[in-house]
Amino acid sequence: MIKKIKGIVVKEIAYRDTSKIIEVLTNDGMYSIVARGAKKVNSSLFLGTSFLSYSEFCIYERDNISTLKSVSVMNNFKNTLKDIVRLGASSYLVNLCMQVYKQNNNSDIYNILLTGINKIDIGINTLGIINIIEIKLLKYLGLKLNLDECQVCGSKDISYLSLDYSGYLCKNCSKTSTDKKILKLIKLYDKVDLNKLDSFNISNEYLFVLDKFIDEYYSKYTGLYLDSKKFFKSILI
């Protein structure tokens, strides 16, 4: 059966001398596709089957094997491919989203990844986009932060962002406090519509505080191995 799918190339695997197997994340699931001759630079399949390419694939399916017939590139994120920081950020997002997808194959994850890569490609703050997506993905791991009220007593008089309680605490339930701007920003990260985000103006001081909290939260609760973020942060600095 011949069918067309749209998706993002999230992995390339060498297959024989000139071919490869690509893993493509789509709105309706993952596809492993044999792309014959696609490793050749002059192949019509080369660009559309490269890592990060967002393409429309015409495939032939038979006996649980998909073979690529043709491909049309919709976006190969040229700005990202020319910039090591953007490439590092997008590569990390692919790694993160695929690890989350293995635990919860919700189609929202595909849309979040595609939107995030797009935002990075057009030049919106890479670390900001990453942190927003990290916050949003927690829902699909069953680890969503509680950012509506105090997690002990239910008070709305919030004063502290707690790692141990996975969210807000009020001034009566916490002996310490968090900068009010941080309290507002992390809730904004959780609520913001990525599709409508066209600018990101937060000082590095606040950006790095939020990133540190998110890293510690992921480390403590998710069990995900995210070494690619360490690489991204090494080139960011």
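The values are calculated or read from the model by the stated rules, or taken from the named source; none is laboratory data. What you see is a predicted model; the values in this text were computed from it and never measured. Cβ placement follows ideal geometry from the backbone for every residue including glycine, while neighbour counts extend to all protein chains displayed.
A few comments on the model shown:
- Out of Asp164, Asp215, sole residue that is assigned by TED's automatic domain parsing to the domain that holds Asn118 and not β-branched (Val, Ile, Thr): Asp215
- From the list Tyr165, Tyr160, the one residue that fits, being at pLDDT 95 or above and in contact with a Lys or Arg (Cβ under 9 Å, 6 or more places away or on another chain), is Tyr160.
- Residue list for the stretch 107-155, restricted to those being of a type in the set (Asp, Glu) and closer than 16 Å to Tyr165 by Cα: Asp148, Glu149
- Filter result for Leu96 (assigned by TED's automatic domain parsing to the domain that holds Ile214, within 30 Å of Phe77 (Cα to Cα) and in contact (Cβ under 8 Å) with a residue 24 or more places away in the chain): yes
- Of all residue pairs spaced 6 or more apart or on separate chains, those with beta-carbon atoms under 8 Å, a first member in the stretch 30-46 that is in contact (Cβ under 8 Å) with a residue 60 or more places away in the chain and a second member that is in a strand (DSSP E or B) are Met30/Glu23; Met30/Val24.
- Within the stretch 48-68, considering residues that are at pLDDT 95 or above and hydrophobic (A, V, I, L, M, F, W, C), the one surrounded by the fewest Cβ atoms within 10 Å (Cβ to Cβ): Cys58
- Considering the stretch 191-212, the residues that are among the hydroxyl-bearing types (Ser, Thr, Tyr) and free of Cβ contacts under 8 Å to residues at least 40 places away in the same chain include one that is surrounded by the fewest Cβ atoms within 10 Å (Cβ to Cβ), namely Ser203.
- Selection count, the stretch 15-62, where residues are under 24 Å from Ser90 (Cα atoms), in a strand (DSSP E or B), hydrophobic (A, V, I, L, M, F, W, C) and in contact with a Lys or Arg (Cβ under 6 Å, 6 or more places away or on another chain): 1
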